[in-house]
1. Residue 20: more than 16 Å from ligand 2 (Cβ to nearest atom), surrounded by fewer than 14 Cβ atoms within 10 Å (Cβ to Cβ), free of Cβ contacts under 8 Å to residues at least 12 places away in the same chain and within 15 Å of residue 162 (Cβ to Cβ), yes or no?
2. Could you check the range 174-259 for strands (runs of 3 or more DSSP E) lying wholly inside it with 3 or more residues that are within 15 Å of ligand 1 (Cβ to nearest atom) and within 29 Å of residue 144 (Cβ to Cβ)?
3. Consider the range 185-199. How many of its residues are more than 12 Å from the chain's Cα centre (by Cα) and in contact (Cβ under 8 Å) with a residue 40 or more places away in the chain?
4. Since residue 10 meets every condition but one in (1) away from ligand 2 (no atom under 16 Å from the Cβ); (2) surrounded by fewer than 17 Cβ atoms within 10 Å (Cβ to Cβ), which condition does it not meet?
5. Of the numbered conditions (1) out of contact with any strand residue (DSSP E or B) (no Cβ under 7 Å at 6 or more places or on another chain); (2) surrounded by fewer than 18 Cβ atoms within 10 Å (Cβ to Cβ), residue 192 fails exactly one; give the number of that condition.
6. Could you list, in sequence order, all residues of the range 206-262 that are closer than 18 Å to residue 181 by Cα and surrounded by 14 or more Cβ atoms within 10 Å (Cβ to Cβ)?
7. Report yes if residue 198 is within 18 Å of residue 44 (Cβ to Cβ), touching a strand residue (DSSP E or B) at 6+ places or on another chain (Cβ under 9 Å) and surrounded by fewer than 17 Cβ atoms within 10 Å (Cβ to Cβ), otherwise no.
8. When the residues of the range 87-101 are narrowed to those that are touching a helix residue (DSSP H, G or I) at 6+ places or on another chain (Cβ under 6 Å) and at pLDDT 85 or above, which ends up nearest to residue 129 (Cα to Cα)?
Ligand SMILES: Nc1ncnc2c1ncn2[C@@H]1O[C@H](COP(=O)(O)OP(=O)(O)OP(=O)(O)O)[C@@H](O)[C@H]1O
Ligand SMILES: [Mg+2]
């Protein structure tokens, strides 16, 4: 069911430390809207995973984080788990479970207790993510990319309001990189979820994200539409690359081609 409230995730003046080291420094006002895919970009060590972990409630934070106007730190662990789906970078799933079982389990853990509905929902998801041929295989027997697709399904099967995926396409072949991102943006749009995806592939981000947050050394460098944010000058400054950025007039997808490292 589509919800009319479209507030989404709001961040205000957020700092995050690990031990005594401040990793993210006063991120200003940022919003990820319902119905949109937001790409979280930045070079290695910029703080992308730290930000997602902080939003998921896995790290202490200073500042404000709210979802649809409700402060996240006022939610119980159970409420938070029901609303937020988080796929960590390079997640290792429990090896002995079968793919289909693992989806049912993730759904029950998120508080969905109607077994018939759970079965139907998992079957739909297996179909949508082309997981049917793997459904009764053990997780430990899958390839890296197959495991990554199952992990995406495990995050999604919970039907979270806010879905965060940390580099979900890093192990996927080109077909699945495209189809998973197409599917995630459709999932955002059709179910009015907030979807935040950390990515290194700038072309994929430009093509699929409505909105981009660009981090560099723990600070926000820019946010806005991919076209506004991903300019050659900014890619030079943040990624230390010379890049060609193409936004074709004929409506074909944008391309960001790294020419050489500086
Ligand atoms: N467990 C940890 N303990 C201490 N420092 C950490 C820890 N994890 C990450 N860091 C530091 O925090 C900073 C941000 O790391 P983070 O993992 O958030 O970057 P990232 O943008 O996700 O990078 P990548 O693209 O490589 O995944 C880095 O300087 C890193 O060294
Ligand atoms: Mg990371």
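The values are calculated or read from the model by the stated rules, or taken from the named source; none is laboratory data. All values derive from a computational prediction rather than experimental measurement. Cβ sites come from the backbone with ideal geometry, for glycine too, and all protein chains shown count toward neighbours.
1. no
2. Values: elements: 194-198, 211-216, 219-224, 241-246.
The qualifying strands (runs of 3 or more DSSP E) are 194-198, 211-216.
3. 4
4. The failed condition is (2).
5. (2)
6. If the condition is that a residue be closer than 18 Å to residue 181 by Cα and surrounded by 14 or more Cβ atoms within 10 Å (Cβ to Cβ), then 206, 207, 208, 209, 210, 211, 212, 213, 226, 254, 255, 256 are the ones that fit.
7. no
8. For the range 87-101, the residue satisfying everything is 99.
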